[in-house]
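The values are calculated or read from the model by the stated rules, or taken from the named source; none is laboratory data. None of the values given here were measured: they were computed from a predicted structure. Here the Cβ positions follow ideal geometry from the backbone for every residue, glycine too, while neighbour counts run over all protein chains shown.
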Amino acid sequence: MASEKVHCLIIGSGPAGYTAAIYASRAGLNPVLYQGIQPGGQLTITTEVENYPGYPDGIQGPEMMVHFENQAKRMGTDIRYGLATKVDFSSRPLKVEIDEEKWIETDSLIISTGASAKWLGMESEQRLNGYGVSACAVCDGFFFKGKEVAIVGAGDTAAEEALYLSKICSQVHMIIRRDEMRASKVMQDRVLNTANIKIYWNSETDEILGDKKVDAVRIKNNKSGDAQEIPVSAFFVAIGHEPNSGIFKGWLDMDDAGYIKTIPGTSKTNVEGVFASGDVQDKIYRQAVTAAGTGCMAALDAERYLGEKGLH
């Protein structure tokens with residue numbers, strides 16, 4: 001299998017990966033960035049972004065990621081299309097397999113592979129994604145100010161997002177599959193004591209209704225079998241995220257959910273020369289601006305590491 005040697009390799013191309021690339025390029029690390037399965041990351045499936053500083057009028061998610069990419073390119077990043085399929089951290093330099101067809105050897109590795117929202121797996125959910133269907137209430141709730149919305153999920157994230165939506169929206173319809181929530185007691189109490197959150201227990205989403213945008217959601221009670229339609233302007237999916245960390249299992253320390261552990265206050269992992277940034281190591285904030293911040297940290301950490309090792 002062919003191989004190539006680089007100084008700094010970045011895998012993933014959301015705000016974290018591109019910010020790392022901008023900083024690494026400016027530091028003279030000559031980074032190579034592989035964009036991964038979803039060039040631009042989760043923001044490419046978002047429509048309007050209004051909470052990223054510097055865009056007073058807001059910006060479309062895909063357009064913003066083109067700006068990030070162009071800036072990284074202008075700084076000299078070698079941006080390539082390809083997917084990291086395997087790693088080998090047993091010796092130096094570190095090795096990363098791309099598309100199962102070539103190995104990249106690198107002195108430093110910045111992981112920015114992100115996380116993917118878990119979906120219910122319905123056709124209407126994908127078709128209306130960005131048109132009222134969203135996996136991020138904090139990102140998109142604002143657009144449905146004063147409207148009725150639905151949210152599906154029963155964990156802490158779903159409870160937090162339902163409470164967030166309750167402050168902006170007139171009514172929040174919360175769809176829960178079982179007769180109880182998985183969320184912590186304190187979060188459950190808050191949800192249950194919020195007047196404009198209505199809970200539908202033992203209920204599954206049958207269909208999201210609407211042609212060009214979300215008009216309603218049809219739910220089915222899984223005990224009685226009864227179906228009902230709830231008119232809503234948005235449908236939020238809050239059943240969790242999956243960090244894209246599978247290829248690092250066995251090499252890097254992770255939490256129970258598969259998020260890569262970093263040494264607090266740094267982007268360093270348990271393997272020297274390997275740094276993690278963005279949503280693959282952050283299950284708490286998961287915002288474009290926080291991801292960009294950790295991408296910056298990863299590039300600075302990589303530069304310092306290479307300098308200490310006499311590789312830069």
Only one residue in S25, S13 is closer than 30 Å to F143 by Cα and either at pLDDT 90 or above or part of a helix (DSSP H, G or I) (or both). Which one? S13
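Keeping to the range 227-244, report how many residues are assigned to a strand (DSSP E or B), of a type in the set (S, T, N, Q) and in contact (Cβ under 8 Å) with a residue 12 or more places away in the chain.
Number satisfying all stated conditions: 0.
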Of all residues in the range 182-202, how many are of a type in the set (A, V, I, L, M, F, W, C) and part of a helix (DSSP H, G or I)? 4
Keeping to the range 114-143, report how many residues are buried (at least 19 other Cβ atoms within 10 Å of the Cβ), out of contact with any helix residue (DSSP H, G or I) (no Cβ under 7 Å at 6 or more places or on another chain) and under 11 Å from S233 (Cα atoms). 1
Just to be sure, is S90 part of a loop (DSSP other than H, G, I, E, B), polar (S, T, N, Q) and in the same structural domain as M297 (by TED's automatic domain parsing)? yes
Out of curiosity, is K249 surrounded by fewer than 21 Cβ atoms within 10 Å (Cβ to Cβ), more than 30 Å from G132 (Cβ to Cβ) and in contact (Cβ under 8 Å) with a residue 12 or more places away in the chain? no
So if I check each of S116, S124, which one is under 17 Å from A291 (Cα atoms), out of contact with any Ser or Thr (no Cβ under 6 Å at 6 or more places or on another chain) and either in a strand (DSSP E or B) or not aliphatic (A, V, I, L, M) (or both)? S116
Restricting to the range 270-280, count the residues that are out of contact with any Pro (no Cβ under 6 Å at 6 or more places or on another chain), in contact (Cβ under 8 Å) with a residue 24 or more places away in the chain and not in a strand (DSSP E or B). 6
What number of residues within the range 1-35 are among the β-branched types (V, I, T), in contact with a strand residue (DSSP E or B) (Cβ under 6 Å, 6 or more places away or on another chain) and closer than 14 Å to E69 by Cα? 3
Checked against (1) free of Cβ contacts under 8 Å to residues at least 24 places away in the same chain; (2) more than 23 Å from A24 (Cα to Cα); (3) of a type in the set (D, E), E63 satisfies every condition except (2)
How many of the residues in the range 187-210 are on the phi < 0 side of the Ramachandran plot and out of contact with any helix residue (DSSP H, G or I) (no Cβ under 9 Å at 6 or more places or on another chain)? 9
